[in-house]
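Some notes on the structure that comes next.
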């Protein structure tokens, strides 16, 4: 789990850089109102970073928890991952707005501080729900091997 947390941390640093870059572009060149800068721009930058982080999580951080990497599995896990990161997003936004109100920091600093807090929540949700390791099922030629119920019953 320590190795996954380290990989998660590294991937989130990259995601934070991407999130911050998108946020910076949006707040400097696209949105000029308070709602645009403090609500719309962080939401958009968050979704961009979410997808980037999901790809890294799927193929690098939790790759050993995924027995068969196929497109269906990738997109099936994307839905609960996005929901779990939305929980983290609500936490992030709460702290972002709290820090802005309390300290009057720039949105970039509020965002970074809030991401540190919500990151722990995101790791735990990904570890316990999205990429939860299931019992190993052997896969041969794309088919899962399972025992037939008749083999498990013995008559004397």
Next on the checklist: Taking the criterion of being touching a residue at least 40 places away in the same chain (Cβ under 8 Å), more than 17 Å from residue 14 (Cα to Cα) and in contact with a strand residue (DSSP E or B) (Cβ under 6 Å, 6 or more places away or on another chain), would at least one residue in segment 121-138 satisfy it?
Outcome noted: yes
Checklist entry - Going through segment 43-74 one residue at a time, which ones are more than 13 Å from the chain's Cα centre (by Cα), closer than 20 Å to residue 95 by Cβ and at pLDDT below 90? => result 43
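Given the options 103, 99, name the one that is without any contact (Cβ under 8 Å) to a residue 24 or more places away in the chain, more than 21 Å from residue 6 (Cα to Cα), crowded, with 18+ Cβ neighbours inside 10 Å and over 17 Å from the mean Cα position of the chain (by Cα). Spell out the reasoning first.
On the way: 103 fails: crowded, with 18+ Cβ neighbours inside 10 Å.
When all the criteria are applied, what remains is 99.
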Checklist entry - Residue check: is residue 108 farther than 21 Å from residue 133 by Cβ and surrounded by 14 or more Cβ atoms within 10 Å (Cβ to Cβ)? => result no
Item to check | segment 1-32 - residue that is under 21 Å from residue 104 (Cβ atoms) and out of contact with any helix residue (DSSP H, G or I) (no Cβ under 9 Å at 6 or more places or on another chain) and, of those, surrounded by the fewest Cβ atoms within 10 Å (Cβ to Cβ) | outcome: 32
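The values are calculated or read from the model by the stated rules, or taken from the named source; none is laboratory data. Not measured: the values here are computed from a predicted model. Don't worry about glycine lacking a Cβ; one is built from the backbone with ideal geometry, like all the others, and counts go over all protein chains shown.
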